[in-house]
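The values are calculated or read from the model by the stated rules, or taken from the named source; none is laboratory data. Keep in mind that what you see is a predicted model, and the values were worked out from it rather than measured. With ideal geometry, Cβ positions are generated from the backbone for all residues, glycine too; neighbour counts draw on all protein chains shown. Side chains included, ligands, DNA and RNA excluded: accessible areas come from the protein's heavy atoms. Shrake-Rupley method; radii C 1.70, N 1.55, O 1.52, S 1.80 Å.
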Amino acid sequence: MANRTVKDANSIHGTNPQYLVEKIIRTRIYESKYWKEECFGLTAELVVDKAMELKFVGGVFGGNIKPTPFLCLTLKMLQIQPEKDIIVEFIKNEDFKYVRLLGAMYMRLTGTSVDCYKYLEPLYNDYRKIKSQNRNGEFELMHVDEFIDELLHAERMCDIILPRLQKRQVLEEAELLDTRISALEEDLDEVETSEEEDDEEEKPERVQTPEPHRRSYRDMDRPRRSPSPRYRRSRSPRRRSRSPKRRSPSPRRDRDRDRDRHRKSKSKSPRRHRSRSRDRRHRSKSPGHHRSHRHRSHSKSPESRSKKSHKRSRREKE
């Protein structure tokens, strides 16, 4: 009689709620000491007190397959089938983490897909540490968000086969669930906005510092060296000698330069010299020159003309 389900209990997933636990494990729970001493005659109100005393989570352990208190209380809740509001209060309890995990386990076994995503996903933000007992009886360290993630994605948890869940994407397309907004996305947005603000603050500072200022700063770092005496001696007389030449050139030096240039041009370009001599010869043979020669011949005396004509006649006779 103590192991039967309540008369008014509703069937879950088409079967008796206690049948969600496998028969072998269920019989082990019925035979355990914790079930007989602590779970006998419990109601929905008294289960809370027993859940507050939990120290770890787990399924069965050891060679004799002994059940943990967490698994015994899970089966007891399936037997008495408390109301949904009580389970929601279990999940929202922030003071006792094992009470929260017990309510999440029961919601995952009995609730619909929409209820599981709706009430279990907010527990991703709970990062508290918990102890879990493995099959060898050893304790391992876990976190609340890891336990919730395994409830939503694993096929077996605490040695109980979990009912199948519809994918969240299908429920979102059917408009049964809103898109999930992770707390990490808000933190990432804040980090990105802070980085953009820092970049904007750094940009005007870079623009305000011009390049000549940087050069002067680098020049200040270099040690200043005094100029050497050789540098002064070699530079000063040249400047002094160049300045008077440009301001007051002497006529003698100009003449000497012209002569030197004329000589160099003669030595380098003999063709030009030849062309000049040819021009002079051509000028001597020009018609003006012949005219002057004729004019000179006309100005001669008649005696010289007769002599020339006499000589011409002799040459013709010969």
(request) Would you tally the net charge around residue 9, using a Cβ to Cβ cut-off of less than 14 Å, leaving residue 9 out, and scoring K and R as +1, D and E as -1? (result) +2
(message) Could you compute the net charge surrounding residue 179? Neighbours are other residues with a C-beta less than 12 Å from the C-beta of residue 179; K and R count +1, D and E count -1.
(response) -4
(request) Could you pull the accessible area for residue 188 with a 1.4 Å probe, rounded to 10 Å²? (result) 100
(message) Under the rule a/c < 1.5 gives rounded, and otherwise a/b versus b/c splits prolate from oblate, where does the stretch 79-148 land using the Cα gyration tensor?
(response) prolate
(request) Please report the base-10 log of the normalised intensity I(q)/I(0) for the stretch 1-105, using a Debye sum with one equal scatterer per alpha carbon and no solvent, at each q in 0.10 (1/Å). (result) -0.26
(message) Between residue 184 and residue 15, what is 0.36 nm times their sequence separation minus the Cα-Cα distance? Round to one decimal in nm.
(response) 56.9 nm
(request) From zero up to wherever the largest Cα-Cα distance of the stretch 1-63 sits, split into 5 Å bins and tell me the percent of pairs in each. (result) 3, 12, 20, 27, 23, 11, 2, 0
(request) Kindly identify the stretch 48-194 as rounded, prolate or oblate by the Cα gyration tensor criterion: order the square roots of the eigenvalues as a ≥ b ≥ c, call it rounded if a/c is under 1.5, otherwise compare a/b with b/c, prolate if a/b is larger, else oblate. (result) prolate
(message) Between residue 56 and residue 40, what is the label-point separation in nm under the 7 Å Cα-to-beta-carbon projection?
(response) 2.7
(request) Give a quick list of GluC sites (Glu not before Pro) in the stretch 79-163 that DSSP marks as loop, anything other than H, G, I, E or B, with at most 14 other Cβ atoms within 10 Å. (result) 83, 94, 138, 155
(request) List the relative contact order of the stretch 102-152 as a percent without decimals, with contacts defined as Cα pairs under 8 Å and 6+ residues apart. (result) 36
(request) Evaluate the distance, in nm, between pseudo-label points positioned 7 Å from the Cα of residue 27 and of residue 192 along their respective Cα→Cβ axes. (result) 5.8
(request) Count the net charge of all other residues whose Cβ sits under 15 Å from the Cβ of residue 31, scoring Lys and Arg as +1 and Asp and Glu as -1. (result) +4
